[in-house]
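Read-outs: derived from the displayed coordinates by stated rules, not from any lab. From a predicted model like this one, the values you see are computed outputs, not experimental measurements. Counting neighbours? That spans all protein chains shown, and the Cβs are built from the backbone with ideal geometry, glycine included.
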Ligand code: WTA
């Protein structure tokens, strides 16, 4: 590790206590070991920390790259490591999940209780004909049953496809259809800011149009009136009370490379991509990264304030805390409900020791001032985390000073749905620089390069690349292996590098500063949205002929959406229509995808081949130089 004098910029050094207590006190040593023998490194971790029904005969198979395989011929189920094995130890009686609902109701599940619910629901799923390899779509609010549904699916070898509860009909429909799920698990409604979101009603609209769904299971959460279709819809609590809901349910023996789940995420063009993760590698990667980066100890109360509907929740609310035998907090609602102190109250109430959230949430809470957090005892916190977008140094410092009382290192973790786990991240023993995610996790070779793959100069912007495979990497895009190769592995196919789609800089100390996306993905409040899906929601409105959507930097949300629409002939450009179009996107895609600004225009800048030049729109909107326009059609 570089010593204090050598490092440039604003550097925060860890205290000796933090370094001593860390699982990995010496990054360089472990990183070097991992780099020297990557399969050896992961093989040792996998053997020492997890139970396998049958061990592998080879750690990594790279003969068919980029279709890498890990833990060849091993038999395992992630649920065996997340639940089953804890039934034999004292962990059985430990709180696995502490749930606080937005209205203030609370519920605690010990590992034993959680396993009981998962076994029963797994039996229900089996009785309903769900088999190994089937897809199950889950569309729910942030409640324990969401986790139970995911775990039960995994237990029986089915692949879950969770659709974020903030999405709407079109988004849900597209994801159900693409995965051809037979079963949908949803709830009557979800609590948000004191009101209810009509999840069942939205789900009904999607299910009516999706041919594949045969059964819908509905969890009662808000007690609102919902229509139940006889023969198709079943209450969760009714099913769980039937004899079919047996508490003895065998965990399906899976191959390490068998699919665990698909999770749709936005890409550059067209429909969302179904990222596919597997039982073995994902299990080893997520659990190890959580343990090392957040220095997880048995006495911790871990709070990942994300939603299970996104990869952050999959990896760091559902799977890795359970595999580590940790206690997790899950909170259902908004950080500001009923007042902007809700989160700080939760930290005090449950003695949260590690808080992991997104910069947008920090900026949002920062706006309300220090007096809200200062009313609470936050001294239980010992580590903080950030994810989802670059954290601006101002928000970093506020988080560090006000929430962490200058005592808690901040782990700024860069990763993606595709990577499955943290990739660029400090360990608690690392010197930190506000705004930098620092360096690659041990064994992860990160670089910043130009078009040809040459490293760019110090502090120069280039493309982020990952040189080589890792256990929790996506294996493919479900049903679309060509797009997998094309999207991630084609630009640097000669070198065999993975292209995440972000731009970044590397500083004098080798620290990485992620700048943002280089494609048409927009990060709004840390949520990953694709321009294509929002554009197709706009053109599905009867007045819109064509549209283009761009992300514009925003202080609070990171980016906001600006839309440009060409109307059909004869349609009048009115302020009311702009409002209608915003609502339309909200209804089709979900409130998070609503454009902040709608511009009604007569033409859009296009290349001669007809591709919309969003770069030009963005420059125009920001009042910047529009650059080279020689390829513009008109
Ligand atoms: C961005 C979220 C800067 C990045 C886990 C990436 C970040 C995309 C950070 C993936 C970070 C995530 N600093 N940018 N710490 N973490 N990103 O798939 O652009 O929803 O490519 O996964 O979020 O978003 P996704």
Radius of gyration, Dmax [the stretch 189-259; alpha carbons; angstrom]:
15.9, 44
When only Cα pairs under 8 Å and 6 or more residues apart are kept, what is the percent relative contact order across the stretch 485-538?
19
Let me have the relative contact order for the chain, percent, based on Cα pairs under 8 Å that are six or more residues apart.
13
If packing is taken as the average number of other Cβ atoms within 10 Å across a peptide's residues, how do 51-61, 191-201 rank, most packed first?
191-201, 51-61
Ranked highest first by average number of other Cβ atoms within 10 Å, how do 238-244, 294-300 line up?
294-300, 238-244
Restricting attention to the alpha-carbon atoms of the chain, what are Rg (one decimal) and Dmax (integer), both in Å?
23.9, 71
Taking Cα pairs closer than 8 Å and at least 6 residues apart, the relative contact order of the stretch 522-634 in percent is 23
Taking the alpha-carbon centroid of each part, what is the distance from the stretch 597-625 to the stretch 266-303 in angstrom?
37
Can you sort 153, 490 by how many other beta carbons sit within 10 Å, fewest first?
490, 153
Find how many whole Å separate the alpha carbon centroid of the stretch 170-206 from the alpha carbon centroid of the stretch 310-378.
25
Packing-wise, with mean Cβ within 10 Å as the measure, how do 559-570, 447-458 rank, highest first?
559-570, 447-458
log10 I(q)/I(0), Debye, Cα-only the stretch 365-517, no solvent, q = 0.13, 0.20, 0.21 Å⁻¹?
-0.66, -1.21, -1.30
